[in-house]
Amino acid sequence: MVFSLISAEVEMPQHGFYFDKQRCVGCRACEVACQVWNGSNQTVKWRGVTSILRGKYPALASVNVSLACMHCGDAACVKACPRQALAKEEESGIVVVTREKCMGCMLCLWACPFGAPQLGTKGKMEKCNFCEERPLGIKRACEEICPTQAIVSGPIEELGKIVKKSIAEGLLDLEREGIILGHE
Amino acid sequence: MNTITYLRIIIAVAIVIFVAGIYKNLIKKISSILKIQNSLQDTKIRDTAPLFQTILREAIFQLRIKDRSPILWIGHLMIFGGFVTFFIIEFLLGITKNFYCLRPILKVGLDLSGGIMLVGLGIAFVHWIIYRREEIKLIDIKSVILLFVVVISGLMSSSCRLLLDFENSLPVGALVEYSATKISGFFSFPWEEIHKWLYTVHITAAAGFIAYLPFSKLIHVVAVPLGRVVTQDKGYVNRKRAKISESLL
């Protein structure tokens, strides 16, 4: 199964993350890489891995999900901010926080379904800035370090291709019958 | 146009702008949050202990500011405390109009709260001057200046009024204003005219403050306690993330 947290219904160029839960082993290297790359800008974890275990061995179900800001196309946090401190960058579609405008009311956290914006120790909201110091063409810190390539970043069109390929491969591996596009 | 008509018009305009601003910058924002599926479920306050802790820490003691700067924290507490006390006493003065014995006592509080606010604003100014490089974009200095004008013109115009109306029982309780009145009494200035101008400045600045509030960082007065009460503890983030993750199991 492929999990993609991308949504873009707007005209502007849109970058985002693709996350494959099948590949994630929960090593938390992405968390560390994010902290190391962003240094003192980051006073709280911008990316976090949530591990869920359910049931008992051998009937055990587990999943690791690495979550950060998804830079949503129609971002709820942008709509929720009373000071317009959160905005989408026109060139990349990345959601950024203007700390000077932020007053730390946490309405963006309330709005965000992923719990991405966090209150930093300086009283301002912080969140993934898509490694803003890296040029857009290269891998983000979390993506670069991921040993299983569970995280992929890029323009939404490119990520869409990966999603389609993953779904197709999954169906091939599973060798299930009668589930392809509802033909049977 | 006389002063009272001007006062009524400008306050009415300020209130209209205030309401429009609150609608645009708060009510619309919150309704957009509540539209998102399951937000109401996330909003449910699960435990009252963190709620009271948040109210104490954030709304009353404002400890988050202490983490940033203890001096700024003291200034902020004084502005907040003075502001809240001032409005409570103004309200009490309004409802105890016929209880003359209470008015001088309340006037002490009113006078003190104005003084405390003034000291707090002074601290905010000094802090801004010392740390302006770091704080220039963080402190909404326009709001601080506006509030400073409101407070100082209010105190000065009150002093002038007391000078003109010395028979009133209120001067007895006025500490700052009474002293200012005593000193002013030595000079023969056209106090009535000065009072009129100071009062106009006070009302105009107060109306400007009310109108500017929803468009400035001062909206934090409502937005911060609201947002923090909802997202009261660190478990809130974990719960949201766990919910997403569980859906993938």
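Miscellaneous remarks
- Matching entry among B:Val230, B:Val224 (being within 7 Å of chain A (Cβ to nearest Cβ), surrounded by 19 or more Cβ atoms within 10 Å (Cβ to Cβ), closer than 30 Å to A:Lys21 by Cβ and not acidic (Asp, Glu)): B:Val230
- Some residue of the range A:125-145 being in contact with an Asp or Glu (Cβ under 6 Å, 6 or more places away or on another chain) and more than 8 Å from chain B (Cβ to nearest Cβ): no
- A:Met70 farther than 24 Å from A:Cys24 by Cβ, buried (at least 18 other Cβ atoms within 10 Å of the Cβ) and touching a strand residue (DSSP E or B) at 6+ places or on another chain (Cβ under 7 Å): no
- Test: residue in the range A:94-109 that is away from chain B (no Cβ under 14 Å), within 15 Å of the chain's Cα centre (by Cα) and assigned to a loop (DSSP other than H, G, I, E, B): yes
- Some residue of the range A:146-164 being within 30 Å of B:Gly227 (Cα to Cα) and without any contact (Cβ under 8 Å) to a residue 40 or more places away in the chain: no
- The range A:156-184: number of residues that are more than 22 Å from A:Gly26 (Cβ to Cβ) and either of a type in the set (Val, Ile, Thr) or modelled with pLDDT of 90 or more (or both): 4
- Close pairs from the range B:90-113: first closer than 17 Å to B:Ile152 by Cα, partner of a type in the set (Val, Ile, Thr), Cβ under 7 Å, at least 6 apart: B:Gly109/B:Thr85; B:Gly109/B:Ile89; B:Leu110/B:Ile89; B:Asp111/B:Val176; B:Ser113/B:Thr85; B:Ser113/B:Ile89
- A:Arg83 satisfies every condition listed in (1) surrounded by fewer than 18 Cβ atoms within 10 Å (Cβ to Cβ); (2) under 26 Å from B:Arg132 (Cα atoms) except (1).
- Filtered by the rule that a residue be surrounded by 20 or more Cβ atoms within 10 Å (Cβ to Cβ) and over 11 Å from B:Gly21 (Cβ atoms), the range B:206-216 gives B:Ala206, B:Ala207.
- The range A:50-80, subset at the interface with chain B (Cβ under 9 Å from one of its Cβ atoms) and touching a residue at least 24 places away in the same chain (Cβ under 8 Å), residue nearest to A:Ala116 (Cα to Cα): A:Leu67
The values are calculated or read from the model by the stated rules, or taken from the named source; none is laboratory data. Note that the structure is a prediction, hence the values are computed from the model and not measured. Methodologically, a virtual Cβ is constructed for each residue, glycine included, from the backbone with ideal geometry; neighbour enumeration extends over all protein chains shown.
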